[in-house]
1. What's the number of the only condition in (1) part of a helix (DSSP H, G or I); (2) surrounded by 15 or more Cβ atoms within 10 Å (Cβ to Cβ); (3) more than 14 Å from chain A (Cβ to nearest Cβ) that residue B:253 fails to meet?
2. Kindly indicate which of B:68, B:61 is more than 14 Å from every other protein chain (Cβ to nearest Cβ), touching a helix residue (DSSP H, G or I) at 6+ places or on another chain (Cβ under 7 Å) and farther than 22 Å from residue A:102 by Cβ.
3. Condition test on residue B:330, is it closer than 13 Å to residue A:103 by Cβ, surrounded by fewer than 18 Cβ atoms within 10 Å (Cβ to Cβ) and either more than 8 Å from chain A (Cβ to nearest Cβ) or out of contact with any helix residue (DSSP H, G or I) (no Cβ under 9 Å at 6 or more places or on another chain) (or both)?
4. From the residues in segment A:503-547 that are loosely packed, with under 14 Cβ neighbours inside 10 Å and at pLDDT 75 or above, which one is nearest to residue A:391 (Cα to Cα)?
5. Within segment A:31-146, which helices (runs of 4 or more DSSP H) (wholly inside it) include 1 or more residues that are facing another protein chain (nearest Cβ under 9 Å), free of Cβ contacts under 8 Å to residues at least 40 places away in the same chain and on the phi < 0 side of the Ramachandran plot?
6. Among the residues of segment A:385-399, write down those that are touching a helix residue (DSSP H, G or I) at 6+ places or on another chain (Cβ under 7 Å), farther than 20 Å from residue A:355 by Cα, in a helix (DSSP H, G or I) and at pLDDT below 85.
7. Scan segment A:289-325 residue by residue and report those that are touching a residue at least 60 places away in the same chain (Cβ under 8 Å), assigned to a helix (DSSP H, G or I), more than 17 Å from the chain's Cα centre (by Cα) and crowded, with 20+ Cβ neighbours inside 10 Å.
């Protein structure tokens, strides 16, 4: 709320960050492990007095230089640029807290560049001992770069002690620092072998190709095995909420983990084929597939790490949308728009409600949601929600879905945001006054379930279930699926929701007929003293012409507020109102006289 | 106070440390960037001339280009870091406004960087294609400079930030600002002139082994340096008068320090130009390198002048923590020692011709 938002509704900043970050991280880990690989490959060539191995090392050093200094260096700058554009507030905090960490990392970056230039351009011209020392200097500088960046990145995931005692060191040596450093070092060495396969596959000399493919394979396999305990330690060290998201609460992480798992399986199998079989003709496609699976693994890992930090960009300090955790109570009390520097709608008015809602969307939701884009599309997420459902949903955003930040605004602003999403984005009618409490099962379904499930999905998943089983399931949703938050509604609400879910599996025709029969009774008992359906003195159907089911149902909850308050309220149970609604809808379609 | 200006974050040490580091790193970045620009421009020019010596010179400059890009980026990172610490709240806001162009900077730079390597490694094989490649590299450098000038001016003019409300998609440029174009031309002309001087110095160094090539490099480089520095007198004046009057007057007596710096800068520029006309390459460089530092200080005066109504770095909050500064200083010293050792070992090979 301190900074403007770069607004690309169909793309979303998060996707741009992910693309650039994954490419950079895939190269930068190679930049660390690959340096050590060069030193050992050169040593192997010297010990075995093999000109072919030394020539391979020189040509791999050229590939390494072009990949890491050019693409690695510039994509590193690109990450810095993109995070400052998408998360300017968080970038500013990280720059200010860790400025001398970044500055120290810059020194290592400088040493790295000079060392790799010297290493490559003096290959074969310098005495072996000094040349290998230059290789070691490169590797150590690259590893210390990782050491420093690792501390800052992990701070974002687990600030730990820093939250109580902010200092450079308490943030840097956070709870995830050491396991992450070891894990990344192992991955870096694994990537050294993975990238080397690409060079070995193009070796013309068969004996050298076999020798260096085997050598590179050992780097992959040993590091692969070493990464497993490091990964487990890493997982155990992250905050419990992040662990819960990885363990199943977040569908997007589940997809990434699945991709990561299979990419690791493919990587291991193909590496074994390369190392054991050393197939001559297949070595190039195999090397390429190993490379691609390593890329998918890195992407899955980075995606999961970033996603597990939600709803924060810096855990426990700043939400993904740049709002500080500490500011939320004040914003919920006094409102967000008046203090958001880059908002134009400082006051809420009925005529500009949609504009205010749009600004609230941009400042609070757009950090994670696109409009019609591939990443976390708000249109798909809110398709099944009515206005009252959205109002209820916004009230319990963070409670129901931990990985979403709470709505940081007052009730009037929540209303504006709901209007923007429901009317502005979904094009649905907005009817005030129909609240969640005591509302029908459908309304509860929309506010509690529709963000993830549409009716058809729930209908098919509960086909054959009786009401008791559905009702019991609602007591412990996380037992059905670890990814689902438990439903925190009252006993009555659970009953209504269960009734609604049961009704989804009733034969539609029969249900309509039943609804219409009972609805006709309700109509006769409550309405017919003043209204007919058609014709007569006060026909009802012309008054609700063009109204959909939802609007009619909502109107039945607020009859005393319609038409200047001349009608009495409809004192009937929700089920009766549902039946009356079905009757009126059927009558609109010509089903009743 | 402009309500759009974001609240700055807290510093770990006094702003003066960052200011000193910025005033050290930025001129080093400028020198490297100028050399890079000059190499690209003169390599292209020499290649287009097409003589045997010119071709050799074009190739020699092509070889230098990737190194210069690497170090220009590296020192640019350091300068940008210290800029963000002091002026981050202005810089991030202006960057978001022109996000599409700003993000394109590293992406097109990546293309230029690989193109420069291709130009170097495949120089002979490229033939006519080399001209197009070098032209593309030069065009990208000029485009990057254009985007930087836009951002560096936009961050100083918060009253122009309201453009965001008409265009939140990140395609705002500061082309409507009176100072943007003269500033861009001032920096590009100065950069190319200094680049010419770098090529001349390179020629003086190379001339020991290859006098013909050396003489050609000195000739081309010094022509570029003197010609553009003469032109700079006009562009510099245009830039000066395009500044808001309160800022301009700082150099004309309102601020003693700024006025003295300005006088020193003009004197150094005229002296370097005089030495340039006499083809005194080393003397020109000896005068021009401190000139780049003085120009950086003048640029900083301009920045402070623009921001004076809204911001002063002295007002930034400080939560003192000096140990990370110590970590940086110790690492920097160790890093410089390591670099010196590596370069000495490399020089030894070149000297011994191993």
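1. Result: residue B:253 passes all but (2).
2. Among B:68, B:61, only B:61 is more than 14 Å from every other protein chain (Cβ to nearest Cβ), touching a helix residue (DSSP H, G or I) at 6+ places or on another chain (Cβ under 7 Å) and farther than 22 Å from residue A:102 by Cβ.
3. Yes: the conditions hold for residue B:330.
4. A:546
5. Per the criteria, A:73-86, A:88-97, A:99-121.
6. A:389, A:392
7. A:290, A:294
Conditions (1) under 20 Å from residue B:305 (Cα atoms); (2) within 11 Å of another protein chain (Cβ to nearest Cβ); (3) part of a loop (DSSP other than H, G, I, E, B), marked per residue:
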{"position": "B:132", "(1), (2), (3)": "no, no, no"}
{"position": "B:139", "(1), (2), (3)": "no, no, no"}
{"position": "B:153", "(1), (2), (3)": "yes, no, no"}
{"position": "B:156", "(1), (2), (3)": "yes, no, yes"}
{"position": "B:163", "(1), (2), (3)": "no, yes, no"}
{"position": "B:170", "(1), (2), (3)": "no, yes, yes"}
{"position": "B:174", "(1), (2), (3)": "yes, no, yes"}
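The values are calculated or read from the model by the stated rules, or taken from the named source; none is laboratory data. These figures come from a predicted structure and were not determined experimentally. Note that each Cβ is placed from the backbone with ideal geometry, even for glycine, and that neighbours are counted across all protein chains shown.
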